[in-house]
Ligand SMILES: Cc1cc2nc3c(=O)[nH]c(=O)nc-3n(C[C@H](O)[C@H](O)[C@H](O)COP(=O)(O)OP(=O)(O)OC[C@H]3O[C@@H](n4cnc5c(N)ncnc54)[C@H](O)[C@@H]3O)c2cc1C
């Protein structure tokens, strides 16, 4: 519920949208699902992004590019989704909510409005975000891990997301109080196979810090190694040792550290179990 809102704009051009967003208290509007519920006493104007032509997807030579206004429901319908990490992105999107939510929620809004399984999968897959900005720097391309730094800046909006399309082994594990709840912890592991070894290992986790993080200590244990049981166990221990998880109603800090260990092991085992099957 908006207590202070005075204007609703629907620009048809990106530069105009950014000029509007430079006004104090103006915020972008994607699917609008995050506006349901909490009282908002700060938003003075909403800038609806639906007229900017950002509802697209296109396959480029090295990646799938998704416009910020593409809905998660449309994303689930893309055949290209199966090419990405053995379908891990589709599984993460399905965890983001029921079809009614997915048919409204957009890529851009979900990255800002909190869709943790999706953000964790994108971080593990090495997705990059293109931001449009009004300042002299103009367009900026950033890693998922840097997104938070830009989000808070005025006159900035997510224009698109690029997801690399390459053969990658993945594992995705989560623990939640119920199947539909946000996860206490979710871990997505992604790696490339080189014979008996794995490389370019990326392991991302939600629930171990305020935002999704890479479990770099675990990645280092696996990089250029054969993912045998002892190596995977060392990676799982390294994941648990590197985090100081927050505590809330979904789990204590100690429980989450335990989940970091268990879910890292399971996610890496699942990815390694696909070696030779791609
Ligand atoms: C009933 C309900 C149940 C939910 N259940 C789950 C769940 O089980 N799991 C889960 O992960 N999530 C859940 N969510 C959260 C949901 O995933 C988000 O609300 C949704 O993804 C936000 O997408 P949106 O397009 O509607 O964003 P909006 O509501 O339009 O915007 C969200 C935020 O992003 C900003 N924004 C929007 N577009 C852009 C852009 N292009 N660039 C920069 N900033 C932008 C807005 O200003 C706002 O701050 C739930 C939400 C609701 C309402």
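Running a GNM on the chain with Cα contacts under 10 Å, which residue among 60, 223, 173 ends up with the highest mean-square fluctuation?
Its mean-square fluctuation being the largest, the pick is 60.
As a test of the formula, what do you get for the chain when each DSSP H run with n ≥ 4 contributes -39,500 (n - 2.57) and the sum is divided by the residue count, at 222 nm and rounded to the nearest 500 deg cm²/dmol?
Calculated at 222 nm, the ellipticity per residue is -8500 deg cm²/dmol.
Over what distance in Å are the Cα centres of the stretch 96-147 and the stretch 198-246 separated?
Taking the Cα centre of the stretch 198-246 as reference, the centre of the stretch 96-147 is 23 Å away.
Over all alpha-carbon pairs of the chain, lay out the pair-distance distribution in 10 Å bins, whole %, shortest bin first.
7, 28, 33, 22, 8, 1, 0
Compute the long axis of helix 253-272 from its Cα atoms, compare it with the longest principal axis of the Cα atoms of the chain, and write down the angle in degrees, 0 to 90, nearest 10.
Roughly 70 degrees, rounded to the nearest 10.
Angle, helix 229-242 long axis vs. longest principal axis of the chain, Cα atoms, 0 to 90°, nearest 10?
Its long axis makes an angle of about 40 degrees.
Just check the stretch 55-110 against the gyration tensor rule for me: Cα atoms, a ≥ b ≥ c as the square roots of the eigenvalues, rounded for a/c under 1.5, and otherwise prolate or oblate depending on whether a/b exceeds b/c.
oblate
Taking the number of other C-beta atoms within 10 Å as the exposure measure, put 213, 203 in order starting with the fewest.
The most exposed by this proxy come first: 213, 203.
Quick check on the stretch 103-205: take the gyration tensor over C-alpha atoms, sort the square-rooted eigenvalues as a ≥ b ≥ c, and tell me if it's rounded (a/c under 1.5), prolate or oblate.
oblate
Can you tell me the relative contact order of the chain? Whole percent, Cα pairs under 8 Å, sequence separation 6 or more.
This gives 15 percent for the chain.
Return, ordered by residue number, the residues of the stretch 226-270 whose backbone nitrogen is under 17 Å from a label point located 7 Å along Cα→Cβ of residue 194.
226-228
Need the C-alpha centroid separation for the stretch 11-80 versus the stretch 247-272, integer Å.
After rounding, the separation between the Cα centres reads 32 Å.
Let me know the volume per residue of the alpha-carbon convex hull for the stretch 7-51, in Å³.
Hull volume normalised by residue count: 60 Å³.
On average over all directions, what projected area in square nanometres does the stretch 57-164 have, based on the convex hull of its Cα atoms?
Orientation-averaged projected area of the Cα hull: 6.4 nm².
For a test of the definition: using alpha carbon positions, the gyration tensor, and the 1.5 limit on a/c, classify the stretch 169-272 as rounded, prolate or oblate.
Prolate shape, in that a/c is at least 1.5 and a/b is the bigger ratio.
How big, in percent, is the set of alpha carbon pairs in the stretch 182-229 lying more than 14 Å apart?
50 percent
Bear in mind these aren't lab numbers, they're just calculated from the coordinates by the rules spelled out. All values reported here derive from a predicted model rather than from experimental measurement. Note: ideal-geometry Cβ built from the backbone for every residue, glycine included; neighbour counts use all protein chains shown.
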